[in-house]
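Worksheet: one structure, shown below.
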Amino acid sequence: MTAVLLFGLPVLFALGVPIAFGLGLATTFALLFGGSVPLIVVPQRVFTSLDSFPIMAVLLFMLAGSIMDEGGMARRIISFAGALLGQFRASLAMIAVGATMLISGVSGSGTADTAAVGSVMIPAMMKRGYERRFVTAIQAAAGALGPIIPPSIIMVVLGSVTNTSIGQLFIGGIIPGIIIGGFLMIVCYVHARRGGAAYEATETFSWSRVWTTFWQAIPGLGMAILVLGGILTGVFTATESAVMGVVYGFVIGLWVYRELRLSQIPRMLVEAACRSAIILIIIGTAGLFGWLVANLQIPTVVARFLQDHSANWIVFMILVNALLLLLGMFMESIAVIIILMPILYPVAQSFGIDLLHFGVVVSVNLSIGLVTPPYGATLFVACSIAKMSIREVTPALLPSIFVMIIAQALITFIPPLTTWLPRLFIP
């Protein structure tokens, strides 16, 4: 049964079977050939994997992202970021990064953030004369901030799988998100130094414009304040805060900005449900796979191997980072979490690693996987907007991926960067 499971999965992936169906088929074949477990377990375990209150937040954050985009909030937040950063060289690229950081406080989805900001900023940067490959690469890299800066769908799933406080994970992602965003802005500036006149500042700084755009963006930014504030104060759980974010977004879009129409709501609900269904299918089949892996005691073998080959927590974290970066290139992050976290969390605990810190490190690692080819979700979105192939964009991605890995190293080996803020607000 173990051989069928472990060898069947790579074969199915090599044949091009989608990850969700590959996980389900590999597990079903293993049970079928093993003969000791009835196949009725398959639908039961899939359902059990989805029977979780926190996972409801996935659909709600997806819907919040759609409301933010179509209700006029995204456009006003981009204008505010432009007022803050427009005086710098490579200002449009910095605005793309800064606006994505601000919008990341609403949707929790890297692909949604990339689409919302990229649909505005990629054409604007190309019209200005920015290099097409650089434009696409920097927007894809900025999109990876979505699951790091709270709220985060990755952290919702991670928290529900490992019983870690989702609220603490959310707050733990704030400083790492700011660090990575700052590093990406440095990449923008360095690129602009050799990019020519196209990268000159687009406008002079004006406090009046900052104030005007900030005032216009306040209702949109209020959604992020409501979501995070509710969690910080203990008024809402992560799922309840997502509900409040959706309700607030509808109110702002319909009656404050007046750019959202009642006729748009059914379509938005269907689109959010369809996008969420993709994630939920992966969660369900990955949960089935993880259940069989646990029953075959594979986690115990892997844990013993890691403990035997890791002299201390530093070596262990280096191995984990390398493993997750590799898997993030080929697998959906949700599937990686559900399969590996029940294995890695006990080992991390045995080395005395703070589990909150470990959870944020995992989330950041898997977020980098959203950018890396061949399975980079934000890269797909940015390339589709810019009408470029992944092969063309990949060389331009290397500086961004490099600084993200440097930031990940800092986050990994300086635990207070992830633990100080959450413990300050949520003891």
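Bear in mind these aren't lab numbers, they're just calculated from the coordinates by the rules spelled out. Being a predicted model, the structure only gives us computed values, none of them experimental. Cβ: placed from backbone, ideal geometry, glycine included. Neighbour counts: every protein chain shown.
Per-structure values
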read-out: Kirkwood-based Rg to Rh ratio, segment 42-425, C-alpha trace; value: 0.97
read-out: Note, ³J(HN,Hα) from phi for segment 231-246, Karplus 6.51, -1.76, 1.60, rounded to Hz, x at Gly and Pro; value: 6, 4, 7, x, 6, 10, 7, 4, 5, 5, 5, 5, 4, 5, x, 5
read-out: Interchain or long-range residues, amide H under 5 Å from residue 296's placed H; value: none
read-out: Given charges at Cβ of Lys, Arg, Asp, Glu: the chain dipole, positive-most of 167, 46, 388; value: 388
read-out: For segment 194-264, convex hull volume per residue from C-alpha positions, Å³; value: 185
read-out: Fully extended contour minus Cα-Cα distance, from residue 262 to residue 329, at 0.36 nm per residue; value: 20.1 nm
read-out: Residue 14 paired with residue 201, simple spin-label distance in nm, labels 7 Å along Cα-to-beta-carbon; value: 5.7
read-out: Local electrostatic count at residue 253 - Lys and Arg +1, Asp and Glu -1, tallied over other residues with Cβ under 11 Å; value: -1
read-out: Residue-by-residue Karplus 3J(HN,Hα) for segment 84-93, coefficients 6.51, -1.76, 1.60, Hz, glycine and proline x; value: 6, 10, x, 7, 8, 5, 6, 4, 5, 5
read-out: On Cα atoms only, tilt of 41-50 relative to the major axis of the chain in degrees; value: 30
read-out: Pairwise centroid distance, computed over Cα atoms, of segment 97-168 with segment 294-328, Å; value: 29
read-out: Coarse-grained scattering of segment 19-169 at q = 0.15, 0.20 Å⁻¹, given as base-10 log I(q)/I(0) from a Debye sum over alpha-carbon atoms; value: -0.81, -1.12
read-out: For 315, 46, 4, 97, order by how many other beta-carbon atoms lie within 10 Å, fewest first; value: 315, 4, 46, 97
read-out: Folded to 0 to 90 degrees: helix 416-425 orientation relative to the chain principal axis, Cα; value: 80
read-out: Order of 357, 309 - criterion: other Cβ atoms within 10 Å of each residue's Cβ, fewest first; value: 309, 357
read-out: Paramagnetic reach from residue 315 in segment 335-357 [backbone N under 20 Å; point 7 Å along Cα→Cβ]; value: 344-354
read-out: Rounded to whole Hz, the Karplus (6.51, -1.76, 1.60) HN-Hα couplings of segment 214-230, x for glycine and proline; value: 5, 4, 5, 8, 3, x, x, 5, x, 5, 5, 5, 5, 4, 6, x, x
read-out: Per-residue Cβ neighbour rank within 10 angstrom, fewest leading, 6, 280, 39, 85; value: 39, 6, 280, 85
read-out: Contour excess over end-to-end distance, with Cα ends at residue 300 and residue 398 and 0.36 nm allotted per residue; value: 31.7 nm
read-out: For the chain, size of Cβ-based charge dipole, Lys and Arg +1, Asp and Glu -1, in debye; value: 780
read-out: Inter-site label distance for residue 50 and residue 255 at 7 Å from Cα along Cβ, in nm; value: 3.4
read-out: Helix axis angle, 110-128 relative to the chain longest principal axis, alpha carbon, degrees; value: 40
